[in-house]
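The values are calculated or read from the model by the stated rules, or taken from the named source; none is laboratory data. Here the structure is a predicted model, which is why all the values come from computation and not from measurement. As a convention, Cβ positions derive from the backbone with ideal geometry for all residues, glycine included, and neighbour counts pool all protein chains shown. For the accessible areas, the whole protein counts, side chains as well, though only heavy atoms, and no ligand, DNA or RNA atoms are used. Shrake-Rupley method; radii C 1.70, N 1.55, O 1.52, S 1.80 Å.
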2 protein chains.
Amino acid sequence: MNHTENLSYFVAHFVDELSKSGVTDVVISPGSRSTPLALMFAEHPKMKHWVNLDERSASFFALGMAKEINKPVVLLCTSGTAAANYLPAIVEAYYSRVPLIVVTADRPHELRDVGAPQAIDQVKMYGDYVKWFHEMALPEIENNMLHYVRSIASRAVSTAEQDNAGPVHLNVPLREPLIPNFFLPNLWGKSESSAPFFTHFSGKKELSERQLEGIVSHIKDKAKGLIVCGPQMDMEFREAIFKLAMKWNVPVLADPLSQLRAGKNEKGLLIEAYDTILKSSDIRAKLKPDYIIRFGAMPVSKPYLFFVKENRDIPHYVVESTEGYREPALLNTQYVYADPHAFCLACAEVNLENDAEFTNRWIELNNTVKRKWKEDSEVLTEGHAVTTIQKCLGDNHILYVGNSMPIRDVDTFFMGTSAEVKIIGNRGANGIDGIVSSAIGAAAHGKKVTLLIGDLSFYHDMNGLLAAKQCNIDLTIVLINNNGGGIFSFLPQAQEPKHFEVLFGTPLDLSFQKIAHLYEGYYARIESWSHFEDELEKAYQSNGIKMLEIVTNRDENVSWHRELWQDVEKMLLRIVGNH
Amino acid sequence: MNHTENLSYFVAHFVDELSKSGVTDVVISPGSRSTPLALMFAEHPKMKHWVNLDERSASFFALGMAKEINKPVVLLCTSGTAAANYLPAIVEAYYSRVPLIVVTADRPHELRDVGAPQAIDQVKMYGDYVKWFHEMALPEIENNMLHYVRSIASRAVSTAEQDNAGPVHLNVPLREPLIPNFFLPNLWGKSESSAPFFTHFSGKKELSERQLEGIVSHIKDKAKGLIVCGPQMDMEFREAIFKLAMKWNVPVLADPLSQLRAGKNEKGLLIEAYDTILKSSDIRAKLKPDYIIRFGAMPVSKPYLFFVKENRDIPHYVVESTEGYREPALLNTQYVYADPHAFCLACAEVNLENDAEFTNRWIELNNTVKRKWKEDSEVLTEGHAVTTIQKCLGDNHILYVGNSMPIRDVDTFFMGTSAEVKIIGNRGANGIDGIVSSAIGAAAHGKKVTLLIGDLSFYHDMNGLLAAKQCNIDLTIVLINNNGGGIFSFLPQAQEPKHFEVLFGTPLDLSFQKIAHLYEGYYARIESWSHFEDELEKAYQSNGIKMLEIVTNRDENVSWHRELWQDVEKMLLRIVGNH
């Protein structure tokens, strides 16, 4: 066999096997060494390819897409620093358990570590941030090497998806010439078989009856129990968790990323306002639970963190479908490794009733906060931006939430909605990087996506907008512009004025209108809440990039938040005082 | 001692020791966990701090600055993906031997791997791309810990600079509260001592007389010798290498990044046009040397690579000041690890004379190409852009050259100039990323910097422009806009039209005028060569960002290059035919 045949069949079988194993999308950044892979991905009849110039943006684009379509997305780049640009998104994918298949083209061995151009050591370059690394063989079709290449592709997909999902890395050495031949017979292999190379039957962890009894026997009737659900992406989990909650009459403290605050199900036990409720230590003291069962990752809320730290003497159950140690409060934790659905349904078979007064108190406090949030405001505050977005979101919408202030504002102000909304954030490493591209990736398959983001985070990944323009992806951006790092105004360094503005305030002083127009997007500066509602409705009816800028003031924002909390605290203290 | 005292003294001594060890500049990206370090760097009387929001841009900014000031620059960021954004620049620094001191703030051990926010495993996160990693102790001032923290800072600077320079990584765990106290007595330690903690006397490698004789004894009198100098940053090396060349009458093939093409020294033996001369295999055959002595990294030129591969039977000497294996042609190489200055001067003591006809042939060919390049052209070509820039550069100017096409065009068209110009490129990994920030970093200390860059590479690091605007750094950008990946039009995939434009052409279709104005920069679209000269002169007299856009056409550019080469090849063949 000659070089071109070896190259073409080897790469074609690799791409075809990724497809057979369930991959539908590949995000490609242009480059030379990756040419045979890029061409073959583009040529494969079932692969959709997305071109994204900046590898950092490309990798977050793939991350956002994988979160939305809930299956692995392939990333492809050339050799050298191109691959290094993937690291932030790989780190995020690893910690937020998102399946990615990272394919880096590489120079062959004889061109490594000898000063050849664009040759860096790519072996295990992502360290422990990937679940699996494999250095591929050079393209060859004899010696069973087509079985080999299919086995690697099939395994990569399964490993990325299995258990705690995450990124895998395949490094692919390729020799010149790099142009494959599409016209070889049976390029994709035998077409009659659509089965993947490996089939995986992977069971779910289920507790034994004895283990389950062991847990439930410690949960007393008429106790003050709490269910908590942190960030998780399973849209179907709602049913099981509320079945258990309603059976036991237990309040469910639901993180904004728990997927429990939205949807058509009964929400009588849903506590969305716990971040506000738990801000006061006096109130926390009145709400001491007897046990907590948590699902999902640790919630975003800092008051909740204080709450559990003050209650380290009670049993804390953390339920995870597979191994994990996500308990940053350093509590004595009872880790339950079992499928959360099955666990909820099994518990719901047990007859138990929560302390009704305790449950009702949570509900009353929650309703009080929700009523307060419904009050009108003339001022353009970050909180009211969230309540307005909440009103306007429809079924199948996605709200992509930036880190730093936006996720905290959504936590505080996004109360339950009956619309079937998915709320997504990048909470693996909580970076402000890559958020724009993540949202665009989530929007690529046609879902209506609203991105709520601060100005610094938006700027960090401005490059991501190119893909929206080039691939005709629609995105509504709600830009909270406080001209700098708003979150720092809440931190102690704000009291240290000497270096504050330069080191932490970091005003951009950029025109976001100009940025929107650069990418041929629509731009509006929001003047009032009714204006905002109108613009949101218009944005959801139109195509392309729509940027709605809400200009706030960092100092005013801090005062507004603090005054509001004082008001609310008084109201809530009155209630707990009554009990 | 209380927490604040431990924190303040520990961090202050760290910063002070970096200063005492010679560091003058720190590039800070805003964040929370890094607060004590950021504040202390800002407070130190001898440290200049630069704030750069996007960590990827920040790290390339530091890289460019380190290349210009020729000493280590400190990078500081917060925990999480912030640190991951440094990887591309760290890889580039490692392979291009640029000293950087990367300081990443981290969560303390008890908040690691437990799902705490913004906590990722930062231990050895840059793998083998750094020369040294050290996980710092928590701030403490008893138990000799102020000696410890000074020893680490001092060692970090020395390790980054020593031998093959490169990046080092210090990971610094910090507990809350994060605000230091600037008003403690003797915050920076005893002020009377300005000596660093460690003093380093580090010798240079010098060959023994016997070793030197061994080398010279293989170099015959009247032989056809060649000296080659690839990319290197030592501005003083010129004198030694030309002393040797003139003594032996050997042609010096000088890469554009060798720092030999510019300056006031005698250039009779300087061969700048070898990339053009060696394009034709017929001409290469007529120029077979008897030996090659190379300094610096492998030259950029691909024809030169063909040339050495065709001459693997002759002795190849590669002189490096310390260990290295930068020989991608896989030649049997005689590695000479010795100080290149001393080596040149020692060789120049030996009486040897090159084959005069051979030397004269190179000079004649070189002059022929140079005359050709001086011919006027009406068309806006990438080659004439280079010759015009060359004309306009003055003493102490820096030309920062982008990868992909610009560096190749500079190699081909930038002939000798008597102006004291430094030409810099990022040739460690040859990425198109980070070039804008690198150039801005090189310009930060006031040098006049001209950046020659293509549209894709410019777009990749557009974020870097913010630092120029915020820190009032002047930069002249010559943007060669061929609306996409120009280099791919020279590669075989250009013959594969089916997927070419989407996967490789990748047109941006962006208005660079809008981008210049976004950052309050000046913009001009170049209409003719005289217009270009005028605009360059104007740009060098004015402040801020000046963008001069030259719009070329990818296909026309390929035809123009190819026709020119055919013309030149005929002229050169006539010359070698005459000998």
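Of B:410, B:502, all but one fail to be in the same structural domain as residue B:554 (by TED's automatic domain parsing) and open to solvent by 10 Å² or more (accessible area, probe 1.4 Å); the exception is B:502. Residues of the stretch A:435-448 that are over 11 Å from the mean Cα position of the chain (by Cα) and surrounded by 24 or more Cβ atoms within 10 Å (Cβ to Cβ): A:436, A:437, A:440, A:441, A:443, A:444.
Filtering the stretch B:256-279 to residues that are over 21 Å from the mean Cα position of the chain (by Cα) and part of a loop (DSSP other than H, G, I, E, B) leaves B:264, B:265, B:266, B:267, B:268, B:269, B:273, B:278, B:279. Against the numbered list (1) part of a helix (DSSP H, G or I); (2) touching a residue at least 24 places away in the same chain (Cβ under 8 Å), residue A:543 comes up short only at (1).
Residue by residue through the stretch B:555-569, note down the ones that are among the acidic types (Asp, Glu), out of contact with any Ser or Thr (no Cβ under 7 Å at 6 or more places or on another chain) and under 18 Å from residue B:485 (Cα atoms).
B:556
Each residue in the stretch B:550-579 was checked for being assigned by TED's automatic domain parsing to the domain that holds residue B:479 and touching a Leu at 6+ places or on another chain (Cβ under 8 Å), and 3 of them qualify.
In the stretch B:492-522, what residues are more than 9 Å from chain A (Cβ to nearest Cβ), part of a helix (DSSP H, G or I) and under 30 Å from residue B:440 (Cα atoms)? Answer for the stretch B:492-522, where residues must be more than 9 Å from chain A (Cβ to nearest Cβ), part of a helix (DSSP H, G or I) and under 30 Å from residue B:440 (Cα atoms): B:512, B:513, B:516. The set of residues from the stretch A:34-50 being of a type outside the set (A, V, I, L, M, F, W, C), within 9 Å of chain B (Cβ to nearest Cβ) and farther than 14 Å from residue A:172 by Cα comprises A:43, A:49. Applying the condition of being of a type in the set (A, V, I, L, M, F, W, C) and in a loop (DSSP other than H, G, I, E, B) to the stretch B:169-191 and asking which residue is surrounded by the fewest Cβ atoms within 10 Å (Cβ to Cβ) yields B:183. In the stretch B:73-94, the residues that are over 26 Å from residue A:79 (Cβ atoms) and at the interface with chain A (Cβ under 7 Å from one of its Cβ atoms) reach residues that are at pLDDT below 95 and open to solvent by 10 Å² or more (accessible area, probe 1.4 Å) with C-beta atoms within less than 6 angstrom, at least six apart or across chains, in these pairs: B:80/B:118. For residue B:365, indicate whether it is outside the structural domain of residue B:561 (by TED's automatic domain parsing) and buried (at least 21 other Cβ atoms within 10 Å of the Cβ). Here the answer is yes, as residue B:365 does meet what is asked.
Each row is one residue, and each column tells you yes or no for (1) β-branched (Val, Ile, Thr); (2) open to solvent by 10 Å² or more (accessible area, probe 1.4 Å); (3) within 23 Å of residue B:386 (Cβ to Cβ).
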| position | (1), (2), (3) |
| --- | --- |
| B:472 | no, yes, no |
| B:478 | yes, no, yes |
| B:484 | no, no, yes |
| B:492 | no, yes, no |
| B:508 | no, no, yes |
| B:516 | no, no, yes |
| B:519 | no, no, no |
| B:537 | no, yes, yes |
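Listed here are the residues, each with its yes/no results for (1) hydroxyl-bearing (Ser, Thr, Tyr); (2) touching an Asp or Glu at 6+ places or on another chain (Cβ under 9 Å).
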| site | (1), (2) |
| --- | --- |
| B:428 | no, yes |
| B:432 | no, yes |
| B:436 | no, yes |
| B:440 | no, no |
| B:459 | yes, yes |
| B:472 | no, no |
| B:477 | no, yes |
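Condition check for residue B:131 on (1) within 12 Å of chain A (Cβ to nearest Cβ); (2) farther than 19 Å from residue B:173 by Cα; (3) of a type in the set (Lys, Arg): one failure, at (1). Quick check: anything in the stretch A:22-36 assigned by TED's automatic domain parsing to the domain that holds residue A:149, hydrophobic (A, V, I, L, M, F, W, C) and more than 26 Å from the chain's Cα centre (by Cα)? Looking through the stretch A:22-36, none of the residues is assigned by TED's automatic domain parsing to the domain that holds residue A:149, hydrophobic (A, V, I, L, M, F, W, C) and more than 26 Å from the chain's Cα centre (by Cα). Taken over the stretch B:328-349, the criterion of being farther than 30 Å from residue A:110 by Cβ and either without any contact (Cβ under 8 Å) to a residue 24 or more places away in the chain or among the aromatic types (Phe, Trp, Tyr) (or both) is satisfied by B:349 alone. Screening the candidates B:575, B:550 for the property of being in a strand (DSSP E or B) and in contact (Cβ under 8 Å) with a residue 12 or more places away in the chain yields one hit, B:550.
When you check residue B:288 against the structure, is it touching a helix residue (DSSP H, G or I) at 6+ places or on another chain (Cβ under 7 Å) and modelled with pLDDT of 95 or more, yes or no?
no
Run down A:244, A:253 and say which single residue is in a strand (DSSP E or B) and modelled with pLDDT of 95 or more. Testing whether each residue is in a strand (DSSP E or B) and modelled with pLDDT of 95 or more leaves just A:253.
Among the β-branched types (Val, Ile, Thr) and assigned to a helix (DSSP H, G or I): is that true of residue B:558 in this structure?
yes
Restricting attention to the stretch A:145-163, the residues that are at pLDDT 95 or above and either over 30 Å from residue A:324 (Cα atoms) or open to solvent by 30 Å² or more (accessible area, probe 1.4 Å) (or both) total 9. Going by the structure shown, is residue A:148 among the hydroxyl-bearing types (Ser, Thr, Tyr) and closer than 25 Å to residue B:94 by Cα? So residue A:148 does not fit the description; no.
Being within 11 Å of chain A (Cβ to nearest Cβ) and charged (D, E, K, R) is the requirement here; does residue B:433 meet it? In short, yes.
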